[in-house]
Every structure is written in structure tokens, then in C-alpha cells.
Amino acid sequence: MNLEAYQNILDDVRLDSESTYLSLQLPTHGYDLDEQKIFSYFHESQGARYWFRSKDDRYNTIGIEYLESIRRDKYSAKALSVQKSSLYGKIQQVPLEADMQSSLSLFGGTRFDSKDTSDEWNDFAMVDFHLPKWQFDLANKELFYSVRLETVDIASVLTEISRELENISAVTKSTFEAPQINMEKDIFPEEWKALVDQAVDILDDRDFRKVVLARQRLLTFKSQVDPLFLLKRLNDEAGTYTIYYEKGKSLFISKSPEKLFDIRSNTLTTNAIAGSSERTGEAAKDEGQKAFLLKDEKNRYEHELVRESIVEDLKPYTDRVEFTAEPDVLENKYIYHLHTPISAELTDETSVFELLDAIHPTPAVGGMPKDRAREYIMQEEHGTRGLYAAPIGIIHEDNESEFVVAIRSMLLHANSATLFAGCGIVKGSSSEKEFEETRVKFTPMLNVLGVETR
């Protein structure tokens, strides 16, 4: 770190007395930083840390210590836009080099729906977005260090940051053992199958075409799972989004293949992802699985419902929506999905919170029609989804953002983990086959926990 040059820049900055926070942006080249070292060093900040990595590594962002949050118990796109503008308006941003690549961002998301939450989700509000004290961009090797303006010492702050970065670099990595399981069980398995059968009886091809039903699996351990073990395991699977989100005494984790949307230069891109088959690891058999998926009537129908819904949801916010006529196959470590890329040029007045409200939940995690499916889920599904299948991601001062549909996920408290998985139910679905599909979808989280599944 070029402390002398940076100090000269900082000495010339006129601090804005109207601001609440000063945020310094600086490069971290020359420091040996990764998620394991950062979380190990900031272990005392447990409960206010996150890690968000996008599938294409555009974002690989860690946040430590939540300085201020946008928090609401009811979703309102207009109110959230005002709160976001107000928060960014309180931050004086000072880049210490020219042409830096990162943007100061807020991390967070919303619950799946407004169903009264059970105690397990109490740490998470209906809407939560956080400004961290430390925002590490591991992709671009940059750092935002944000601090209350009234407490900052301009003469020493850069020396303090440099010392902290050197201390993180010097952290010695540890080895970790997998947690020892006390108990593993499906929650209400027969009741879930009965609910699938009930849904099949009332679904049709017009007024209520699809509903996604989720179920849970509970694991308890002999001791609390080490966060550093989980971080190490989360690196094992490439090609998916990574969400590690601490809030209070809760930890939510997702390894999701599914982007809700991202926005770059006013262009929104998203995907229709629905229809699935198991990836076995046997080359010949897997070729058959992919061929089956592309031709199977039930999976193609489910996929087309999702694509149709997303395109319709986007129309009020764009003059042009583009997508491919035929789906391809999205390959993940344990499962295949039908996949169609979609893009749209947004109108200037569109806000990111309007888009969240319009697109979530897609029929891939809710159903179709959306309102009826969501109401059915709230009334009939066992348990509360909370952040499962909800939008979680990164937002910037403008509309630039990226959101994930947080499937393949789990919630950890103390010595327990609750895993979530769901599948799309349409007319003709089989409860036994759908139960087996959800079993496969638990695999990514079981792998994160170090649990053998085969």
C-alpha cells in the first residue's frame, strides 16, 4: 500500500459535515487475502458477516460488521428506493486510486413471502440490506473501508487499515473435521407427499397450472458446525452462486444455480430454469438424462411456464425482451436443468426494487398463476420458507445489481441445520417421483456439511 501517496490524497479531501460515513476505496494488491483468512481474522464479528460469489465470479464479495441496514417488515418498492437513496446520500466516498473497478454495495434480500415466520427465521426481517464496515472485493482485489465520520482520525486511518490487512495476510489456515451427526430426518415426509397429491387433484391446464412445494430435512450435530469448515466446503463446487449470510445467531447458506436477474448498464439479464433430472456421474447414463430432459413433456411444459411468466413480468419495464426459442441444458454437479437465457433493455425510470417485486417469485419456485400459487404455498405448505427460494444479492447506488434465487439452501442454528428443497407440481405429477427429486436437491447442502450421500 502506497501510504504516503494515499495520505496526500486524503489530506486534500474536504470532509462533508453533512455525511454520516466516510468510505475509503483502495486496492489490496500485495496482500494475501481469501475468505478463510478474512473470516478467521474477524471471528469476533460473527453474526454480522456475509460472502457473496456469483456464478461467473463477477462478484466475490465479503462484508464484515454491518454499520447500517435497510430493514422493513413489509415490502414496499417505493419506500425501499427512498431508504436506499437516503443511505447512499449519507456516505462520502473517497477512491484513493483512479480507474478502480468495484462499487460500494449493499448486501441482503427479502423473505420468500409475508407468511408469519416461525422462531427459526426471527433474525431476518421481511427485507434486510446491509452496509458493511469492511467490503472486500476478492475478484478485483479492492477494499471499501467505511467508518462513521465523527470517529475517523484522518491522520492514522490508513495506517490502521494497512496493519489490519497485514494481520489478515498473516493468518495461518487451519484444518477442520466434518461435524458429527446426532440425528438426520425428513420433516413430515408422508404429509408432504399427501400435499403433492392434493395439489395434483386441484391443478388444471388453465386457472391453476403449477405450484412448487418445498420440504425440509433436519440434521443435528454433537457440536456447533465450524464456520471455517463450511467456508472451505463451499469452495468445492464451481459454477454456482455462493451465499453465506450471518445475521444474529443465524446462518443461511445457499449454493444456487439460479440467477433471478442482474442489471448492467440498464440491461437486465435473467434465465428461465425449470425442469430437472439427476446427474449420476456416469457419462453414458448422463447423456441419456440430458436427452430425456430435452424431450420430456412434463419438464418442457414446466419450463415453458417459467419462461412465459418471466417474459410477461418484464414487459411493463422494457420495450424489448429477447430469449432463445429452444432451451438448453444447464449442468450442475448433482443435477441437470432446462435453461433459457432472457434479456431486456430497461426503461430509465425502472427501479431495482420494482423489478424484485415484479419477478419474484418465478414459477420455478412459486407456481402459476403467481398470486394463486403463492397463496396456496402460504396456506398449505408445512413450515415457513423464510430465505429459502427468496431473492438475495448485491445492489449498488444505481440500478446495477445481481440477485440469486436462494435454492439448494439451509439454515443453521447452534447445533442444527434445516435443509430446504422443492419441486414443481403440475397435473400428472407423482408424489413419489417428486419426493425422490427433492432428495437429490438436498445433496449440495449435505455436501457442504460433509455428509456422504452416495
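The values are calculated or read from the model by the stated rules, or taken from the named source; none is laboratory data. In this text, all values refer to a predicted model and were calculated from it rather than measured experimentally. In this analysis, Cβ positions are derived from the backbone assuming ideal geometry, glycine residues included, and neighbour counts consider all displayed protein chains. Please note that ligands, DNA and RNA were not included when accessible areas were found on the heavy atoms of the full protein model with its side chains. Shrake-Rupley method; radii C 1.70, N 1.55, O 1.52, S 1.80 Å.
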For residue 207 and residue 371 in the same chain, what is the full-extension length gain: residue separation times 0.36 nm, less their Cα-Cα distance, in nm? 57.9 nm
Packing-based ranking, highest mean first, of 158-166, 70-78 given that Cβ atoms within 10 Å are counted: 158-166, 70-78
Mean shadow area of region 138-205 over all directions, Cα convex hull, nm²: 13.0 nm²
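Using mean Cβ contacts within 10 Å as the protection proxy, how do 379-388, 135-144 order, highest first?
Output ranking for 379-388, 135-144: 135-144, 379-388.
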Percent of accessible area on region 303-454 owned by carbon and sulfur, 1.4 Å probe? 45 percent
How long are the semi-axes of the equivalent ellipsoid of region 68-138, defined as square roots of 5 times the Cα gyration tensor eigenvalues? Whole Å, largest first. 29, 14, 9
Ordering of 48-60, 245-257 by burial proxy (mean other Cβ atoms within 10 Å per residue, highest first): 245-257, 48-60
Could you grab the relative contact order for region 1-112? Cα pairs under 8 Å, six or more apart, rounded to a whole percent. 40 percent
Under 22 Å from the Cα of residue 249 - lysines, other chains or at least 8 residues apart: 37, 115, 133, 222, 232
Give me the accessible area per residue for the chain, probe 1.4 Å, as a whole number in Å². 42 Å²
Flagged links, alpha-carbon separation over 30 Å, of 255/298; 173/333; 210/247: 210/247
Roughly how far apart, in whole Å, are the Cα centres of region 264-315 and region 74-140? 30 Å
Expressed as a whole percentage, what fraction of the accessible surface of region 173-268 belongs to carbon and sulfur atoms when a 1.4 Å probe is rolled over the protein heavy atoms? 46 percent
In nanometres, the difference between 0.36 nm per residue of separation and the alpha-carbon distance of residue 94 and residue 162 is 22.8 nm
Largest-first principal axis extents, alpha carbons of the chain, Å: 70, 54, 43
What percent do you get for the relative contact order of region 285-356 when only Cα pairs under 8 Å and 6+ apart count? 31 percent
Defining a contact as two alpha carbons under 8 Å apart and six or more residues distant in sequence, what relative contact order in percent does the chain show? 22 percent
